[in-house]
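Contents: one structure, followed by commentary.
The values are calculated or read from the model by the stated rules, or taken from the named source; none is laboratory data. Please read all numbers here as calculations on a predicted model, not as lab measurements. Quick reminder, even Gly has a Cβ in these numbers, built from the backbone with ideal geometry, and neighbours come from all protein chains shown.
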């Protein structure tokens, strides 16, 4: 591998910073048992699917072709994300102490 190929590879990797961040967060979530991170992932997937008009659940569902199934998937992603986020013991404890 030449120096130029190495630099191109590093540059390409840095352009995918969101994916690298997500891999780090997955590792952190699993090692430290931080369930709320999974909730953030579900919310991100719902927002990204809404932005693109396509949902990938078991298969690709397009908003234009199957709007009821598409929106059902989006709602489920948002609800699961909320469940994982707000019922995580750390987030729940923080919110409880903040509000009461």
Worksheet, complete the sentence: Counting only residues in region 1-16 that are assigned to a loop (DSSP other than H, G, I, E, B) and modelled with pLDDT of 70 or more, the one surrounded by the most Cβ atoms within 10 Å (Cβ to Cβ) is identified as 16
Discussion item. Take the conditions farther than 29 Å from residue 87 by Cα and surrounded by fewer than 12 Cβ atoms within 10 Å (Cβ to Cβ) and apply them to residue 21. Does it pass?
Written reply: no
Worksheet item: Tally time: how many residues in region 67-90 are in a loop (DSSP other than H, G, I, E, B) and surrounded by 14 or more Cβ atoms within 10 Å (Cβ to Cβ)?
Response: 1
Discussion item. Take the residues in region 48-66 that are within 26 Å of residue 86 (Cα to Cα) and surrounded by 14 or more Cβ atoms within 10 Å (Cβ to Cβ); name whichever of them is nearest to the chain's Cα centre (by Cα).
Written reply: 49
